[in-house]
1. Please determine whether any residue of the range 203-212 is closer than 19 Å to GLY228 by Cα and out of contact with any His (no Cβ under 8 Å at 6 or more places or on another chain).
2. Consider the range 125-155. How many of its residues are surrounded by fewer than 18 Cβ atoms within 10 Å (Cβ to Cβ), part of a helix (DSSP H, G or I) and in contact (Cβ under 8 Å) with a residue 24 or more places away in the chain?
3. Would you be able to tell me the number of residues in the range 177-224 that are in contact with a strand residue (DSSP E or B) (Cβ under 8 Å, 6 or more places away or on another chain), assigned to a loop (DSSP other than H, G, I, E, B) and over 18 Å from LEU246 (Cβ atoms)?
4. Under the condition of being among the aliphatic types (A, V, I, L, M), closer than 22 Å to GLY100 by Cβ and buried (at least 16 other Cβ atoms within 10 Å of the Cβ), which residue from the range 254-307 is nearest to the chain's Cα centre (by Cα)?
5. Among the candidates LYS131, LYS64, which residue alone is of a type outside the set (Asp, Glu), over 26 Å from LEU231 (Cβ atoms), over 26 Å from the mean Cα position of the chain (by Cα) and not assigned by TED's automatic domain parsing to the domain that holds ASN36?
6. Is it fair to say TYR289 is part of a helix (DSSP H, G or I), touching a residue at least 24 places away in the same chain (Cβ under 8 Å) and either not assigned by TED's automatic domain parsing to the domain that holds PHE17 or not β-branched (Val, Ile, Thr) (or both)?
7. GLU238 versus (1) assigned to a helix (DSSP H, G or I); (2) touching an Asp or Glu at 6+ places or on another chain (Cβ under 7 Å); (3) free of Cβ contacts under 8 Å to residues at least 24 places away in the same chain: which is the lone unmet condition?
8. State whether one or more residues within the range 263-280 are aromatic (Phe, Trp, Tyr) and closer than 20 Å to PRO207 by Cα.
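The values are calculated or read from the model by the stated rules, or taken from the named source; none is laboratory data. Keep in mind that this is a model prediction, so the values were computed, not measured. Here Cβ is always computed from backbone atoms with ideal geometry, including for glycine, and neighbour counts include all displayed protein chains.
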Amino acid sequence: MSIKLICYGVRDVEIPFFKRLNKYSYELVLEEDFLNHDNVELAKDAQAVMIRGNCNADSQNIEKLNSYGVKYILTRTVGFNHIDLEAANKFGIKVARVPGYSPNAISELAVTLAMMLLRHTAYTVDRTKNKNFVVDENMFSKEIRKCTVGVLGTGKIGYTTAKLFNGLGANVLAYDIVESEEAKKIVKYMSLDDVLKYSDIISVHVPFIRYQNYKMINQDFISKMKDGAILINTARGELQDNDAILKAIENNKLGGFGCDVFENETDFFFKDLTNQSLKDNTLERLVNYYPKVLITPHIGSYTDEALINMIEISYDNLNDFLTKQESINEVK
């Protein structure tokens with residue numbers, strides 16, 4: 001039986017991966033745009049859809065998917081808060097996620113942003129591209145081996161980040177509610193306040209848990225950091241208070257801010273807004289603090305290995321549903 005699978009949010013560079021990894025010979029429809037209220041009808045006659053985190057799998061779309069005959073929703077993400085699970089359960093649509101993918105993808109970006117801010121490479125290259133080769137005091141920096149790095153959250157991504165910083169010679173501290181025995185080989189666990197107090201760089205890798213850590217990176221959090229420390233968030237945008245971060249950048253409490261995620265990021269990420277003002281004034285001002293603020297448009301998982309993991313596991317999830325009526329990665 002041929003299974004029609006429509007995949008939303010597929011970039012051009014990803015198309016060869018979707019085709020090459022299709023070991024189950026699904027009938028693929030690859031759609032560049034995210035799932036929304038306008039293009040949901042593309043799923044007519046499909047048995048399954050694969051989506052990304054910025055796709056809109058709300059109750060309205062799920063009801064339509066059900067009417068089209070869709071039985072399975074596969075999200076190639078760890079998180080699944082973009083899916084209305086109550087609606088999916090109501091219509092008997094099974095949902096599965098990807099429990100994890102290459103942690104190096106996010107970890108490498110976090111380290112890259114931190115090193116760019118520490119060594120002022122964005123600032124320096126911005127000058128040399130204009131043929132200004134004068135070395136000024138703003139280019140002077142510490143060496144990472146003389147720095148203390150604080151890693152918040154030591155799951156797979158946080159632990160990998162700690163290993164990378166440790167490999168560069170940094171002294172690595174960590175905070176987590178559950179301490180990892182493996183991580184203890186390279187990090188020293190401390191209280192959150194002490195990690196903030198002693199770290200020259202803070203790299204955030206905690207999951208967002210609604211009603212528990214929303215905007216945990218707030219004015220109080222930042223006030224406990226070392227003056228001039230660098231803050232990196234490649235985890236979730238909901239973890240940060242943008243106004244507090246902007247204020248800390250403006251008064252030089254923070255020496256730099258690197259970020260790959262924002263709350264409500266689909267309002268501006270993945271869009272060409274060149275020469276336009278952003279609707280969010282705080283975000284507009286943060287962007288304009290380049291190169292002290294470095295923002296990437298959610299590219300943490302945008303690597304070959306991470307993509308392979310996401311597609312393979314999603315394909316396997318669908319095959320398990322079809323052959324076993326269940327998947328180890330099912331979410332309800």
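1. Yes, the range 203-212 has at least one match.
2. Of the residues in that region, 2 qualify.
3. 9
4. The residue in question is VAL261.
5. LYS131
6. The answer is no for TYR289.
7. It is condition (3) that GLU238 fails.
8. No, the range 263-280 has no match at all.
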